[in-house]
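**Q** Let me begin by handing over the structure; questions about it come next.
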Amino acid sequence: MRLLVIEDYLPLREAVASYLREEGCAVDAAADGEEGWWHASDTAYDAIILDRQLPGIGGDEILRRLRAAGRQDPVVLLTARGELPDRVGGLDAGADDYLVKPVALPELLARIRALVRRAARIASPSLRVGALSLDLAACAAAVDGRRIDLTAKEWGLLEQLALRQGRVVPRELLWQRCYDFNEEPNPNRIEAHIANLRRKLADAGADGLIRTSRGQGYMLGEES
């Protein structure tokens, strides 16, 4: 997943970004509203974690601008204000979820994953492609019940392919969703990670599930 964290309090911003990266997410981070809006207006994200009280452009204003532009990126608001009117105001402004600080990071990630599944119209956190099963909540893949040991980046790529099962996923989209803004675009890096992922699937007994569409990208699915 490609996520944007907009939070002016440095310790919290670094803690959230670090945790999400350790969990396999690509994370862009902004320290104020101006920088946050620059990221948000330029890039589509799987989800945005947004502080309401920001220097420069406030969180509610960023949210209103996104919705006014027709952007439907899921947004989780973070705030120190947990009273009912504040929660209602944030949700009415267009937020998809709302968490009051201090934030439990595993809960934040669980809520993000639930929003991403909802956006992809996937009701269950479990998906199956042939002998391959994926638990999107636990970030785990298995073949015939035997878990596959994947790196965070390999899981991220597999997750993106699984969310679009049966469709060709362009390399550009995989880069946007699985790699940070600060990483230099490198198609060879994607190909290397896909090759490792294919090898691990083949070793587990699920060969041929990731197919290449020449000049376009990759697709997860069995041969018809």
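The values are calculated or read from the model by the stated rules, or taken from the named source; none is laboratory data. It should be emphasised that the depicted structure is a prediction, and the values quoted were computed from it without experimental measurement. Positions of Cβ are generated from backbone atoms using ideal geometry, with glycine treated the same way; all protein chains shown enter the neighbour counts.
**Q** Listed residues 78, 63, 12; which is of a type in the set (A, V, I, L, M), in contact (Cβ under 8 Å) with a residue 40 or more places away in the chain and part of a helix (DSSP H, G or I)? Walk me through it before giving the result.
**A** Working: 78 fails: part of a helix (DSSP H, G or I); 63 fails: in contact (Cβ under 8 Å) with a residue 40 or more places away in the chain.
After applying the criteria, what remains is 12.
**Q** What's the number of the condition residue 50 fails, among (1) within 23 Å of residue 152 (Cβ to Cβ); (2) not assigned by TED's automatic domain parsing to the domain that holds residue 150?
**A** The single condition residue 50 does not satisfy is (1).
**Q** Among the numbered criteria (1) in contact (Cβ under 8 Å) with a residue 40 or more places away in the chain; (2) more than 20 Å from residue 202 (Cβ to Cβ), which one does residue 156 miss?
**A** Every listed condition holds for residue 156 apart from (2).
**Q** Looking at 183, 159, which one is in the same structural domain as residue 145 (by TED's automatic domain parsing), part of a helix (DSSP H, G or I) and within 22 Å of residue 3 (Cα to Cα)? Explain how you work it out, then say what you get.
**A** On the way: 183 fails: part of a helix (DSSP H, G or I).
After applying the criteria, what remains is 159.
**Q** If you don't mind, there's one more thing I want to ask. Quickly run through region 1-11 and pick out the residues that are crowded, with 18+ Cβ neighbours inside 10 Å and of a type in the set (A, V, I, L, M). Lay out the reasoning, then the answer.
**A** The first filter runs over region 1-11 and keeps only residues crowded, with 18+ Cβ neighbours inside 10 Å, leaving 1-8.
Scanning region 1-11 gives 1, 3, 4, 5, 6.
**Q** Would you check if residue 188 is over 19 Å from the mean Cα position of the chain (by Cα) and farther than 14 Å from residue 129 by Cβ? Break it down stepwise before answering.
**A** Numbers: over 19 Å from the mean Cα position of the chain (by Cα): yes; farther than 14 Å from residue 129 by Cβ: yes.
Considered against the rule, which asks whether it is over 19 Å from the mean Cα position of the chain (by Cα) and farther than 14 Å from residue 129 by Cβ, residue 188 comes out as yes.
**Q** Output yes when any residue across region 14-23 is at pLDDT below 90, buried (at least 21 other Cβ atoms within 10 Å of the Cβ) and of a type outside the set (Lys, Arg), and no when none is.
**A** No; the residues of region 14-23 include none that is at pLDDT below 90, buried (at least 21 other Cβ atoms within 10 Å of the Cβ) and of a type outside the set (Lys, Arg).
**Q** Also, quick follow-up: Based on what the data block shows, is residue 17 outside the structural domain of residue 169 (by TED's automatic domain parsing), under 14 Å from the mean Cα position of the chain (by Cα) and within 13 Å of residue 176 (Cα to Cα)? Reasoning before the result, please.
**A** Numbers: outside the structural domain of residue 169 (by TED's automatic domain parsing): yes; under 14 Å from the mean Cα position of the chain (by Cα): yes; within 13 Å of residue 176 (Cα to Cα): no.
Here the answer is no, as residue 17 does not meet what is asked.
**Q** Please find, within region 109-159, the residue that is farthest from residue 74 (Cα to Cα) out of those that are surrounded by fewer than 18 Cβ atoms within 10 Å (Cβ to Cβ) and among the acidic types (Asp, Glu).
**A** Going through the qualifying residues, I end up with 144.
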